[in-house]
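A short write-up of the structure that comes next.
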């Protein structure tokens, strides 16, 4: 199983206690936040790929509905 950003931060903190200056800890927090952001971005990408493969017909129907609604809201109100 992939290590979470919090687990990485905990392991890093515990494995390098001699490096635990304020600046170093701030750097680790920043790195952990970036890792978490990347994990969320990757999750969204994988979900979109799964959705595209499994539910193509539904997506096409939703897109057609979106297109019609967007057209009506954008151009028919003039």
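The values are calculated or read from the model by the stated rules, or taken from the named source; none is laboratory data. Since the model is a prediction, treat every value here as computed from it, not as a measurement. A quick note on method: Cβ atoms are made from the backbone with ideal geometry, for glycine too, and the neighbour counts reach across all protein chains shown.
Please name all residue pairs, on different chains or six or more residues apart, with Cβ atoms under 6 Å, provided the first residue is in the range 12-24 and is free of Cβ contacts under 8 Å to residues at least 60 places away in the same chain and the second residue is surrounded by 12 or more Cβ atoms within 10 Å (Cβ to Cβ) and part of a helix (DSSP H, G or I).
Cβ pairs passing all conditions: 12/28.
Given the criteria over 26 Å from the mean Cα position of the chain (by Cα) and either on the phi < 0 side of the Ramachandran plot or surrounded by 11 or more Cβ atoms within 10 Å (Cβ to Cβ) (or both), does residue 71 qualify?
Numbers: over 26 Å from the mean Cα position of the chain (by Cα): yes; either on the phi < 0 side of the Ramachandran plot or surrounded by 11 or more Cβ atoms within 10 Å (Cβ to Cβ) (or both): yes.
Yes; evaluated as a whole, the condition is true for this residue.
Could you check how many residues of the range 3-38 are loosely packed, with under 13 Cβ neighbours inside 10 Å and within 15 Å of the chain's Cα centre (by Cα)?
Of the residues in the range 3-38, 4 are loosely packed, with under 13 Cβ neighbours inside 10 Å and within 15 Å of the chain's Cα centre (by Cα).
State which residue pairs qualify: first residue under 18 Å from residue 3 (Cα atoms) and inside the range 39-56, second residue at pLDDT below 85 and surrounded by 10 or more Cβ atoms within 10 Å (Cβ to Cβ) in any location, beta carbons under 8 Å apart, and separation of 6 or more residues or different chains.
Hits for this filter: 39/4.
Take the conditions assigned to a helix (DSSP H, G or I), at pLDDT 85 or above and either more than 21 Å from the chain's Cα centre (by Cα) or surrounded by 13 or more Cβ atoms within 10 Å (Cβ to Cβ) (or both) and apply them to residue 43. Does it pass?
On the way: assigned to a helix (DSSP H, G or I): yes; at pLDDT 85 or above: yes; either more than 21 Å from the chain's Cα centre (by Cα) or surrounded by 13 or more Cβ atoms within 10 Å (Cβ to Cβ) (or both): no.
Criteria not met by residue 43.
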